Each structure stands twice: as C-alpha cells, then as structure tokens.
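The structure appears right after this line, and notes come after that.
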Amino acid sequence: MKPTDNAVPDNLKLSEFLCFAVYSTNLAFGKAYKPILEQLGLTYTQYITIVALWEEDNQTVGSLGEKLFLESNTLTPILKKLEAMGFLQRQRDPEDERQVRISLTKKGRQLRESQPEMGLADATGLTLDEFTTLQKAVVKLRNNLIKSTKAGE
C-alpha cells in the first residue's frame with residue numbers, strides 16, 4: 001500500500017500500522033534506557049531535558065518546553081526536581097522578570113562526559129547510515145503530523 005493511498009485494506013494487521021510501530025518502538029527505547037538512567041537516578045524526561053540544555057544552555061522555560069514538546073505545567077515540576085538534584089538552576093531573567101532561565105550546573109555539564117546514550121546505538125542494530133536515515137525520517141514524520149493537526153485546528 002502506498003502511503004498516499006486513502007483506502008485502508010480490511011485485512012490490515014496491527015503490526016502493519018505505522019503508528020503502532022512507532023508506539024512500540026518508543027516502549028522498547030524506554031526499556032533500553034531504563035537501566036542506564038536508573039544508574040544516574042534520572043527519568044527519561046529528566047534526561048532529555050538535560051540533553052536539550054547541553055545543546056543550548058541558559059534557555060527560558062518556554063524555549064525549553066518548545067524543544068521538548070512539553071507544556072510549562074508539565075516541565076516545571078521536572079525542572080524543580082532536577083534543580084533539587086543539583087543538575088540545573090532556575091533564575092529569573094534580570095532583563096525580563098516574567099521569564100525564568102534554566103542553566104546547567106557543573107554536575108549537569110559533567111553528566112555529558114559519561115555518555116549514557118552511547119550503549120544504545122549498538123542496541124538498535126542499525127548502521128550509522130541507517131540510524132541517521134531513520135532518525136531524519138521520524139523527525140519528518142513528526143513534523144508533518146504536527147503541521148497537519150495545526151491545519152485542522
């Protein structure tokens with residue numbers, strides 16, 4: 001079946017649904033990350049929050065939330081917990097008191113040196129080229145889905 005065909009065959013199996021493949025892969029990633037993150041005392045959402053700050057430190061809560069696809073009311077408790085754990089600090093922006101800026105502490109920056117995600121590349125069983133191609137395709141899929149849902153609002 002071509003992705004652009006509108007007709008869904010009557011005999012389509014659950015394993016043939018792209019959404020199920022993505023969903024079940026997400027669950028598998030969670031299981032693969034779990035032992036690594038447990039050693040660090042982090043959840044996956046806490047970990048990706050730190051990764052986003054490695055990419056760009058001293059972000060506003062709003063900017064960080066956009067990158068992580070999280071609303072402020074979901075992100076704030078995560079940030080408070082990470083601050084209590086010593087990975088980051090939250091401070092009001094001196095130029096705009098309405099904004100809260102998030103920056104990594106030394107402990108948050110040092111976490112990068114342990115490279116917790118490196119063992120997972122092997123677990124995927126993909127070559128570097130396959131990994132890169134798949135990652136780009138999944139990002140394109142996500143962006144197209146977001147775009148189509150915004151168009152329907």
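The values are calculated or read from the model by the stated rules, or taken from the named source; none is laboratory data. Model, not experiment: these values are computed from the prediction. Glycine gets a Cβ as well: all are built from the backbone with ideal geometry, and neighbour counts include every protein chain shown.
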Of all residues in segment 96-153, which are over 21 Å from residue 17 (Cβ atoms), in a helix (DSSP H, G or I) and in contact (Cβ under 8 Å) with a residue 40 or more places away in the chain?
-> 108, 109, 111, 112, 114, 119, 120, 123
Quickly run through segment 24-61 and pick out the residues that are polar (S, T, N, Q) and touching a Gly at 6+ places or on another chain (Cβ under 8 Å).
-> none
Output for segment 72-89, where each listed residue is under 17 Å from residue 52 (Cβ atoms), assigned to a loop (DSSP other than H, G, I, E, B) and more than 19 Å from the chain's Cα centre (by Cα) | 85
Pairing a residue in segment 26-54 that is outside any helix (DSSP H, G or I) with any residue that is surrounded by 15 or more Cβ atoms within 10 Å (Cβ to Cβ), where Cβ atoms lie under 6 Å and the two sit 6 or more apart in sequence or on different chains, gives none
Based on what the data block shows, is residue 152 farther than 19 Å from residue 32 by Cβ and out of contact with any Asp or Glu (no Cβ under 6 Å at 6 or more places or on another chain)?
-> yes
Answer yes if at least one residue in segment 125-136 is closer than 23 Å to residue 35 by Cα, surrounded by 11 or more Cβ atoms within 10 Å (Cβ to Cβ) and over 18 Å from the mean Cα position of the chain (by Cα), and no otherwise.
-> yes
Residue selected from segment 90-109 under the condition over 20 Å from the mean Cα position of the chain (by Cα) and surrounded by 11 or more Cβ atoms within 10 Å (Cβ to Cβ), by the criterion modelled with the lowest pLDDT | 93
Among the residues of segment 72-104, count how many are touching a Gly at 6+ places or on another chain (Cβ under 6 Å) and of a type outside the set (Gly, Ala, Ser).
-> 3
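Can you tell me which residue among 69, 87 is exposed (fewer than 14 other Cβ atoms within 10 Å of the Cβ), within 25 Å of residue 29 (Cα to Cα), aromatic (Phe, Trp, Tyr) and out of contact with any Cys (no Cβ under 9 Å at 6 or more places or on another chain)?
Values: 87 fails: exposed (fewer than 14 other Cβ atoms within 10 Å of the Cβ).
After ruling out the rest, the residue left standing is 69.
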Of (1) among the basic types (Lys, Arg); (2) without any contact (Cβ under 8 Å) to a residue 24 or more places away in the chain; (3) out of contact with any helix residue (DSSP H, G or I) (no Cβ under 6 Å at 6 or more places or on another chain); (4) under 30 Å from residue 131 (Cα atoms), residue 67 fails just (3)
